1. Ranked highest first by average number of other Cβ atoms within 10 Å, how do 157-165, 24-32, 116-124 line up?
2. Among the listed pairs 23/115; 124/169; 26/164; 83/115, which have their C-alpha atoms separated by more than 32 angstrom in this model?
3. Among 5-13, 170-178, how do they line up from the highest to the lowest mean number of other beta-carbon atoms within 10 Å?
4. Estimate the FRET efficiency between residue 12 and residue 167 by the formula 1/(1 + (r/R0)^6), using the beta-carbon distance for r and 41 Å for R0, to the nearest 0.05.
5. Would you grab the residues whose amide H sits under 5 Å from the one on residue 85? Only those 5+ places off in sequence or on another chain, please, with H modelled 1.01 Å from N.
6. Add +1 for every Lys or Arg and -1 for every Asp or Glu among the other residues with Cβ under 11 Å from the Cβ of residue 10, and state the total.
Amino acid sequence: MLQLFLQRVCCKPETEQPDLLQKCLKEVVRVLNKKPDAERFHPSGIKAALDSFASDRIETTSYGPFVEASNIALKCLAGLKVKGMLDANSDLDIICQVNDYPIHQDHQGCTSKQKPDVVILPLKCAFTCLPGVNVDTVADDYKHISAAKKRFFWEDMLACIEFKRPTKKLSKCPPCYEVAPYMPTHPEYRRVEPPEPDTPVTAAADSAQTPATLSVPEPEQRKWCICNADVKLNQLS
């Protein structure tokens, strides 16, 4: 599935590139395996934050390490260049942010209420919910594990993350990462066949029937069989 998403945002989405995922993973691993450095936004900080996240047994206190690891990763990967992929926009500043407030939205005359644990949004939108923080502060100086002081708006959200902590302890990060050979799944994703349009006569006849008078076939009149591994059903007369 990730290969499919990468194909859609590459330089030539119309050209099939089966090795695109492997090329991207190799560049990401190269960044993650950099030696520790004193720089604040250094890949080695990702491992430290993830180890802290894995050892934490309380969900709410694990938000901070997860957000810290995510923001360091976003910062380190922002300038990553992969052959065949588009370069990131210079003004693309997105961050991961702890969310402590419910988000309300009006939908079809009703008010929906959601409280995502962590959200991903543009940096400028995060600053509006952090009173007292200098708006001119660059991303490197941003307190990336601070919780919002005001409610966010749904139109500012790029993604929402909901945590489900397992009961058992998570394993720590390995000393280094390697890219495993690509093993395609079967099927890689389920294809949905477009519905066949009804003939005008059938469509007109169906529209003339009310829901209460629609005919229901008897069980013995309709039989089905599975014809292949893709679970496609064929009707037998």
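1. 116-124, 24-32, 157-165
2. In this structure, 23/115; 124/169; 83/115 lie more than 32 Å apart at Cα.
3. The peptides rank, most packed first, as 5-13, 170-178.
4. Once rounded, the FRET efficiency stands at 0.35.
5. Correct list: 11.
6. +2
A short reminder: the numbers here are calculations on the coordinates, not readings from a lab. None of these values were measured; they are calculated from a predicted model. Every residue, glycine as well, gets a Cβ built from its backbone with ideal geometry; the counts of neighbours run over all protein chains shown.
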